[in-house]
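Bear in mind that the values in this text are calculations on the coordinates, not laboratory data. Keep in mind that what you see is a predicted model, and the values were worked out from it rather than measured. Cβ coordinates were reconstructed from backbone atoms using ideal geometry, including for glycine residues, and neighbour counts include every protein chain displayed.
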2 protein chains.
Amino acid sequence: MIAVLAGGVGAARFLRGVVRLPKASDVTVIVNTGDDTVMHGLHISPDIDTVTYTLAEAIDPQRGWGLADESWNAMANLGRYASVIPDGSSAGQTWFNLGDRDLATHLYRTARLAEGATLADVTDEIARAWDLPVRIIPMTNDRVRTMVTRADGATPREIPFQEYFVKLRHDVPVESIRFDGADAAMPLGLDALEPADAILIAPSNPLVSIAPLRSLAGVDDLLRRRRDHVVAVSPIVAGSALKGPADRLMRELGHEPSVVGVARLYAPIASALVIDEQDAALATAVESEGIRCIVTNTIMSTPEITTALARTCIEAVS
Amino acid sequence: MIAVLAGGVGAARFLRGVVRLPKASDVTVIVNTGDDTVMHGLHISPDIDTVTYTLAEAIDPQRGWGLADESWNAMANLGRYASVIPDGSSAGQTWFNLGDRDLATHLYRTARLAEGATLADVTDEIARAWDLPVRIIPMTNDRVRTMVTRADGATPREIPFQEYFVKLRHDVPVESIRFDGADAAMPLGLDALEPADAILIAPSNPLVSIAPLRSLAGVDDLLRRRRDHVVAVSPIVAGSALKGPADRLMRELGHEPSVVGVARLYAPIASALVIDEQDAALATAVESEGIRCIVTNTIMSTPEITTALARTCIEAVS
């Protein structure tokens, strides 16, 4: 039994390697929902969709999100309403691009939630519709929203994550991050983490993809207790994030933007950190943070490398 | 000043003639919303959209509803979820077909309603986005739903209008119709009906498109009082509806499916009924119902015929 803590694109690519392993017959993926948002009345779960579409081999390989062979006619026509949107309204906005085929997923999810289904129910239904070989569960059925406080004096100072990530292209300085609703949210997946032979922390952003999961009641405690079975993959390689703002956010929020900074964040909950060969010189510094360091190729450029990375992770802790 | 009471396709075609008249500089269209529905969490106003898209010359001319040059990728992909829809769920249904471009309108409307805008606000914004030369207002901002009771013993006996009209292709016998919520709904457009030089009842279904408007508090009384300025166009020609189930519904609900039956329904509120030349022989029977009968070509097959029909109506009562 394998459990994976996952964000979006990096986690999804890593999972492709996990599911190719012969021993990976029982994989549970617990996915961040702090990035979830409601746009145009539709409930959108970006990380769940990225993981689902990727494992279904339906993801657009260039963008890394959304579906391949996508059309954009709904969004193009939504632009017609731009001229009539009243001041202060957030309707009709097109900065969060939704493809036509992708919309079907949000329509289905929204309708199911409206009739009382839980996000876990719908996530499972969607995963089954795509014939996924793993169990995908949202980190919680409750509303948790990652909120970002800007450091550049713009108002409003605090904005929802997607506004920071997509609308502002994560190109503004950040002062702090909090997970609104996390205090009251009931975590899901503890029953998968508890008996797991290996708990893998995917190469996702530690501060905005993995931190929301860790912020839920009992999760960090459970990981600390099962630390011997927990291994993380560094999303930082040679001081940079392969994708997204992890390096910049780490710097801005007082963490060293390196595998050593990642080691410090994960040492309390993971017994091993997998870093890329480019960072081999930092292995000793990583281990001095109290976490075992495994050096391998973490750049998931081929299926073989990705599968080998997943195997290395699992063998490190099980 | 001209006011028009409108349903969907027939009314929309008629309105194209009205707006081409030189004197039609101040036209208000009050549109049935009893057909409105929520699908996949989206608020859909079929009659308003048909009128809007038609006047914008953006309607699909073959179907008579939805946008021209449409794609259907969202609905096609929604079909993927058919296999996982739980029993009793109404999510993921594809019988109400929504084009990708058309979805933009529903996304915009849904988002605006969610932030507290009225249906009248949104309808006006959408009309402005399409540069319409008329004022379009929903018959009410409140929730009114046309409910159809089946006469064939199937359960549930009472179903929402779109389920009857689209899903069952209006091919089941009907026992009765009611307008849920009409008692409590506040009508809109009385301020346009009161001073209008001419009030035109479009060639729409009297029982499911015009009746919902008439069911709202004060509307029928106002029309009775202003009867001299009210003219209706019969949607029944030679005993048949040009489109939709008007003839069948009239028969099933105890009305003669002919211009005479239409005359009986409208005589209390309209001083003139415009019927097609094919029904010329029934003009005397119409007038014996206490309503003036005007015979002309009502088959709106060309712009010229449509414009002439609109002119005939206005001249009849103003």
With unit charges on the beta carbons (Lys and Arg positive, Asp and Glu negative) and the dipole taken about the Cα centre of chain B, which residue among B:58, B:193, B:133 sits farthest to the positive side?
B:193
Please check: in the Gaussian network model of chain B (C-alpha springs, under 10 Å), which one of B:102, B:49, B:35 has the largest mean-square fluctuation.
B:102
Just want the ordering: A:289, B:194, from fewest to most Cβ atoms lying within 10 Å of their own Cβ.
B:194, A:289
Between A:69, A:100, A:279, which gets the highest mean-square fluctuation from a Gaussian network model of chain A, Cα cutoff 10 Å?
A:69
Inside 10 Å of the C-beta atoms of A:80-92, what's the mean count of C-beta atoms belonging to other chains?
6
At 7 Å out from Cα toward Cβ: residue A:23 inter-copy label distances (nm, ascending):
8.8
Nm distances between the label at residue B:278 and the same-position labels in the remaining copies, 7 Å along Cα→Cβ, shortest first?
7.4
What number do you get for region B:242-287 when its Cα radius of gyration is normalised by 2.2 N^0.38 Å, N = residues?
1.13
Arrange the peptides B:182-190, B:83-91 so that the one whose residues have, on average, the most other Cβ atoms within 10 Å appears first.
B:182-190, B:83-91
The protein assembly as shown: Rg to Rh, with Rh as the Kirkwood radius over Cα pairs:
1.11
Around residue A:40 (Cβ within 10 Å, Cβ-to-Cβ, excluding residue A:40; K/R +1, D/E -1) the net charge comes to +2
Tell me, for the rotation carrying B onto A, which chain B residue has the beta-carbon closest to the axis and what that distance is in whole Å.
B:100, 2
Diffusion coefficient, µm² s⁻¹, Stokes-Einstein with Kirkwood Rh over alpha-carbon pairs of region B:58-132 at 25 °C and 0.890 mPa s:
172 µm²/s
Mind telling me which of B:295, B:230, B:31 comes out most flexible in a GNM of chain B, alpha-carbon contacts under 10 Å?
B:295
So the pair-distance distribution of region A:189-317, from every Cα-Cα distance in 5 Å bins, comes to percents of 2, 12, 22, 25, 21, 13, 5, 0
Under 25 Å from the Cα of residue A:243, which lysines turn up, not counting those fewer than eight places away in the same chain?
A:167
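Which of the peptides A:151-158, B:173-180 is most tightly packed, and how do the rest follow, going by the mean number of other Cβ atoms within 10 Å of each residue?
For the peptides A:151-158, B:173-180, the packing ranking is B:173-180, A:151-158.
If you add up the charges near residue B:266, with Lys and Arg at +1 and Asp and Glu at -1, over every other residue whose beta carbon is less than 12 angstrom from its beta carbon, what do you get?
Combined, the nearby Lys, Arg, Asp and Glu give +3.
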Computed from the mean reciprocal separation of all distinct C-alpha pairs, what Kirkwood hydrodynamic radius does chain B have, in Å?
19.9 Å
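Which whole number gives the average count of other chain Cβ atoms within 10 Å of the Cβ atoms across peptide B:40-50?
Average per residue, whole number: 3.
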How far apart, in nanometres, would the label points at residue B:121 and residue B:220 be if each is projected 7 angstrom from Cα along the Cα-to-Cβ direction?
3.3 nm
Averaged over peptide A:65-78, how many Cβ atoms belonging to another chain are found within 10 Å of each residue's Cβ?
5
At 7 Å out from Cα toward Cβ: residue A:167 inter-copy label distances (nm, ascending):
3.7
Cβ neighbours within 10 Å, averaged per peptide: list A:254-260, A:115-121, B:103-109 in order, most packed at the top.
B:103-109, A:254-260, A:115-121
In whole Å, what three semi-axes, largest first, describe the equivalent ellipsoid of region B:1-74 built from its Cα gyration tensor (square root of 5 times each eigenvalue)?
24, 16, 8
Please report the antiparallel percentage of DSSP beta bridges with both residues in the protein assembly as shown, rounded to the nearest 5.
40 percent
